[in-house]
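Structure, as structure tokens:
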Protein chains: 2
Amino acid sequence: MSSTSRDPRRVLVTGGSGFIGRQCLPLLVERGHEVHALSSRSRPASIPGVLWHQLDLLTDRDTDALCERVRPDAVLHLAWVTTPGVYTHTPLNLDWVAASLRLARSAVAHGASRLVSAGTCFEYDHTAPETCQEGVTPLRPDTLYGASKVALADLLAAFAREVGVGNAWGRVFFLYGPHEHPDRLVASVIRSLLAGESAACSVGTQIRDFLHVRDVAAGFVALLDSDVAGAVNIASGDPLTVRELVLEIGAQLRHPELIALGARPLSPRDPPRVVADITRLRDEVGFRPHFDRHTGIADTIAWWADHHHLTPGSES
Amino acid sequence: MSSTSRDPRRVLVTGGSGFIGRQCLPLLVERGHEVHALSSRSRPASIPGVLWHQLDLLTDRDTDALCERVRPDAVLHLAWVTTPGVYTHTPLNLDWVAASLRLARSAVAHGASRLVSAGTCFEYDHTAPETCQEGVTPLRPDTLYGASKVALADLLAAFAREVGVGNAWGRVFFLYGPHEHPDRLVASVIRSLLAGESAACSVGTQIRDFLHVRDVAAGFVALLDSDVAGAVNIASGDPLTVRELVLEIGAQLRHPELIALGARPLSPRDPPRVVADITRLRDEVGFRPHFDRHTGIADTIAWWADHHHLTPGSES
């Protein structure tokens, strides 16, 4: 079964112009897949070998027509509402559940035999500071976003079991890299320092698992090309404090004095420790990240040095 | 808050021509509500005081337009796929999740402040023969139907919390009564005996909680008119074996010899004991059933005696 499923296939990628999606596309092309990317944008970036389809999964009624036309063998479903400060609580999360179910039903009706979708570390219970392990750590989302992802994961798993297709669920932890929303942590600290301005940070004691977005994308592509079923953490397995992370940026940009630790309050909703067990990703999917914390930050700084004219809202 | 929420309101009932829904309508009218009933049928039964709207929630795109027109204060959502032998495993369950989310979003957007929906005892883990108690007994559905109901319950609870509306989830156990699908247990045994034919039953050792459908409906209406939040079992709290139930039918129809116990195999998927704790329904909602097992069966026999010309498929 393993060799069959790794043959080049027709893959439909949702959220193709998103933070993770855009990084998946060239990797899928490299692996010989026929890549169909969905975006709600009218003019997504041109990527060699990628066939673009403009479709708003939330409002468009053409999901079924698209699946009939493309007839994907596999779906990599990354689209969701991700606007910082909005995505955790917006009722749009429900619309994304509904849209995702519609997509899964259509794709399978038109021949898809494997579904891989993006979940989140915010599905896990973070009240106990344990390492998050698939199938072991209890799920206890405390946002509508997390609850929606948990519900969708359960629905897709039950559906896939019922109709006999492959199904996997990549739980994304923390990430950074090119094209990150400028307001998010790593992007905003780099942008401040590149502008010679102080970066207001929290005290930074939170322990997190950060992974470069290109590795997140490569992890998803490896998961898609595997036969692994169920939830798989997509993470580095290299926990660090936010303090260590931002000081790494300060050191690489030679402006450690601009990192203003403690200038922002720690959110009471911010759990002290969110760390991933990556045994499944490493041993079952067989994936190992390309970047470590040093090379990942270096790559991201280099990208922002070329793109620091970008302002909040001009990228998403 | 209790008195406010019990004032007469505009109530939208989905599945209005269904087994439970049709029994809810006159009860809601009696309580002074303005009752809007949805049905996918073109000519549902006329019930005094009920305003009918024809709409297929699954395929129709007019859910939002309907909610805008009706502007319900409360929604009693009973519609779902219920065809015996089909509903447990059909992928239509996913479409019902999506349609239910769409309805909840639209109703709340147009002013609804309370949502009450139908869940099922098949959400519970039945591998351990414990009494099913809300918030205590683990949920472990083993069908796509059960998984879909669990996921929808979680989504609606998280959504209601987020947007600040009331939300309750009535978990229906086993039921019988007028207008039951002719193929289901109580209906088919009564129909056989009325026709003077033998009724092939299993050995009947399964312990179940059966409630007359009019009481199920009255339980839902009481739940809607209360401020109770979360999951509430809608059941009799009077467990009996299937053997006792069918022998009661045999005794009342004076043909106990036509009850062929053991003529059908017990399904291996049929749990030995599915029993409801009704503390919440009784003490928090304040509901007590009108029928007991004797009067409930007598009422149902009387109804079938007038309707035994109905054949499978002519009622649903």
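Do we find that A:Asp95 is in contact (Cβ under 8 Å) with a residue 60 or more places away in the chain, within 14 Å of chain B (Cβ to nearest Cβ), under 29 Å from A:Val274 (Cα atoms) and among the charged types (D, E, K, R) in this structure? So A:Asp95 fails the test.
For region B:79-102, the condition holds for at least one residue, the condition being that it is closer than 24 Å to A:Lys149 by Cβ, in contact with a His (Cβ under 8 Å, 6 or more places away or on another chain) and not in a strand (DSSP E or B). Restricting B:Gly204, B:Gly196, B:Gly170, B:Gly219 to residues that are within 20 Å of B:Thr131 (Cα to Cα) and part of a loop (DSSP other than H, G, I, E, B) narrows the list to B:Gly204. Please go through region A:244-259 and give me each residue that is surrounded by fewer than 21 Cβ atoms within 10 Å (Cβ to Cβ) and either within 30 Å of A:Trp169 (Cα to Cα) or modelled with pLDDT under 95 (or both), ordered by number. The one that is surrounded by fewer than 21 Cβ atoms within 10 Å (Cβ to Cβ) and either within 30 Å of A:Trp169 (Cα to Cα) or modelled with pLDDT under 95 (or both): A:Glu244. Checked against the criteria, B:Asp183 does not count as in contact (Cβ under 8 Å) with a residue 60 or more places away in the chain and within 14 Å of another protein chain (Cβ to nearest Cβ). Scanning region B:262-288 for residues that are under 30 Å from B:Ala305 (Cβ atoms) and touching a helix residue (DSSP H, G or I) at 6+ places or on another chain (Cβ under 6 Å) turns up B:Val274, B:Phe287. Within region B:129-139, one or more residues are more than 12 Å from chain A (Cβ to nearest Cβ) and either touching a Gly at 6+ places or on another chain (Cβ under 8 Å) or farther than 18 Å from B:Pro239 by Cβ (or both).
Conditions (1) of a type outside the set (A, V, I, L, M); (2) touching a Pro at 6+ places or on another chain (Cβ under 8 Å); (3) modelled with pLDDT of 95 or more, marked per residue:
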position	(1), (2), (3)
B:Gly196	yes, no, yes
B:Ala200	no, no, yes
B:Thr205	yes, yes, yes
B:Arg208	yes, yes, yes
B:Val213	no, yes, yes
B:Ala217	no, no, yes
B:Ala222	no, no, yes
B:Ala229	no, no, yes
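Among the conditions (1) within 14 Å of chain A (Cβ to nearest Cβ); (2) more than 20 Å from the chain's Cα centre (by Cα), the only one that B:Leu155 does not satisfy is (2).
In contact with a strand residue (DSSP E or B) (Cβ under 9 Å, 6 or more places away or on another chain) and surrounded by fewer than 21 Cβ atoms within 10 Å (Cβ to Cβ) - does that describe any residue in region B:206-216? Break it down into steps so the answer makes sense when it comes.
The first filter runs over region B:206-216 and keeps only residues in contact with a strand residue (DSSP E or B) (Cβ under 9 Å, 6 or more places away or on another chain), leaving B:206-213, B:215-216.
With the extra rule that they be surrounded by fewer than 21 Cβ atoms within 10 Å (Cβ to Cβ), the set shrinks to B:206-207.
Looking through region B:206-216, at least one residue is in contact with a strand residue (DSSP E or B) (Cβ under 9 Å, 6 or more places away or on another chain) and surrounded by fewer than 21 Cβ atoms within 10 Å (Cβ to Cβ).
Condition first: of a type outside the set (Ser, Thr, Tyr), at pLDDT 95 or above and assigned to a helix (DSSP H, G or I). Can you find one or more residues in region B:113-121 that meet it? The answer is yes; a qualifying residue exists. Assessment of region A:57-76 against the conditions (assigned to a loop (DSSP other than H, G, I, E, B), more than 14 Å from chain B (Cβ to nearest Cβ), more than 15 Å from A:Val221 (Cβ to Cβ) and under 19 Å from the mean Cα position of the chain (by Cα)) yields no matching residue.
The single condition among (1) more than 28 Å from B:Leu139 (Cα to Cα); (2) in a loop (DSSP other than H, G, I, E, B); (3) modelled with pLDDT of 95 or more; (4) of a type outside the set (Val, Ile, Thr) that B:Gly296 does not meet is (2).
Just to be sure, is A:Arg102 facing another protein chain (nearest Cβ under 9 Å), over 17 Å from the mean Cα position of the chain (by Cα) and surrounded by fewer than 17 Cβ atoms within 10 Å (Cβ to Cβ)?
Values: facing another protein chain (nearest Cβ under 9 Å): yes; over 17 Å from the mean Cα position of the chain (by Cα): yes; surrounded by fewer than 17 Cβ atoms within 10 Å (Cβ to Cβ): no.
Here the answer is no, as A:Arg102 does not meet what is asked.
Counting the residues of region B:105-119 that are basic (Lys, Arg) and more than 9 Å from chain A (Cβ to nearest Cβ) gives 1.
To keep it simple, each residue is scored yes or no on (1) touching a Lys or Arg at 6+ places or on another chain (Cβ under 7 Å); (2) modelled with pLDDT of 95 or more.
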| site | (1), (2) |
| --- | --- |
| A:Ala37 | no, yes |
| A:Asp56 | no, no |
| A:Thr59 | no, no |
| A:Thr90 | no, yes |
| A:Gly111 | yes, yes |
| A:Glu130 | no, no |
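Within region A:132-167, the residues that satisfy the criterion of being without any contact (Cβ under 8 Å) to a residue 40 or more places away in the chain, part of a helix (DSSP H, G or I) and surrounded by fewer than 21 Cβ atoms within 10 Å (Cβ to Cβ) are A:Asp154, A:Arg161, A:Glu162.
Let's see how each residue does on (1) under 23 Å from B:Gly296 (Cβ atoms); (2) among the hydrophobic types (A, V, I, L, M, F, W, C):
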position	(1), (2)
B:Asn167	no, no
B:Gly170	yes, no
B:Tyr176	yes, no
B:His179	yes, no
B:Val189	yes, yes
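Is it the case, given these coordinates, that B:His53 is over 19 Å from the mean Cα position of the chain (by Cα) and not polar (S, T, N, Q)? Yes; evaluated as a whole, the condition is true for this residue.
The values are calculated or read from the model by the stated rules, or taken from the named source; none is laboratory data. Because the structure is predicted, anything quoted here is derived from the model rather than measured. Here the Cβ is made from the backbone with ideal geometry for all residues, glycine too, and neighbour counts use every protein chain on show.
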